[in-house]
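The values are calculated or read from the model by the stated rules, or taken from the named source; none is laboratory data. The structure displayed is predicted, hence computed values, not measured ones. Here the Cβ positions follow ideal geometry from the backbone for every residue, glycine too, while neighbour counts run over all protein chains shown.
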């Protein structure tokens, strides 16, 4: 069985792990678009992109905070994270999610999508890094950046940016 077929059927030996790290080119774009990431709501001590934030505990966001969340991507977990994050934005913070593009699935339409203030479709598949990513690190879904909270929109509520463009910007920054 080829790697692609095994991966899609759940036979890849590392697909059940959850340490899929967000690439720097996406994090840089998030900060350019929404502000400095002040908290990470789905991280371990080894992969935090900012100060760890306990979304399901007693932590609270304040005005101006930007909480980044790349949660486990199964729909049940996404619903839990989105509903918990929605409770946090009452204080003027913004929550930015990196999610699989499942925006047309029934459970998403009913329980996830209504919370979003803005959705950006990422043209392409994200190349994740980390100890459990598959060769090349590419996700099996296309991805979106979705926000909860108020944001001064620099573009329409639904937009698209290609990952090729984000990678190009990152290379230019490094030069």
For the range 98-113, does any single residue satisfy the condition of being crowded, with 21+ Cβ neighbours inside 10 Å, modelled with pLDDT of 90 or more and more than 15 Å from the chain's Cα centre (by Cα)?
-> no
Selection within the range 70-85 - at pLDDT below 90 and either on the phi > 0 side of the Ramachandran plot or touching a strand residue (DSSP E or B) at 6+ places or on another chain (Cβ under 9 Å) (or both) = 73
Identify, please: which residue in the range 52-78 is without any contact (Cβ under 8 Å) to a residue 12 or more places away in the chain and outside any loop (DSSP other than H, G, I, E, B) and is, among those, surrounded by the most Cβ atoms within 10 Å (Cβ to Cβ)?
-> 77
Flag for residue 81 being touching a residue at least 40 places away in the same chain (Cβ under 8 Å) and under 23 Å from residue 24 (Cβ atoms) = yes
How many residues are modelled with pLDDT of 85 or more, in a loop (DSSP other than H, G, I, E, B) and either in contact with a helix residue (DSSP H, G or I) (Cβ under 8 Å, 6 or more places away or on another chain) or surrounded by 13 or more Cβ atoms within 10 Å (Cβ to Cβ) (or both) if we restrict to the range 7-48?
-> 9
Output for Cβ contacts, cut-off 8 Å, separation at least six or different chains, first residue over 24 Å from residue 95 (Cα atoms) in the range 119-148, second at pLDDT below 75 and in a strand (DSSP E or B), reads 137/129
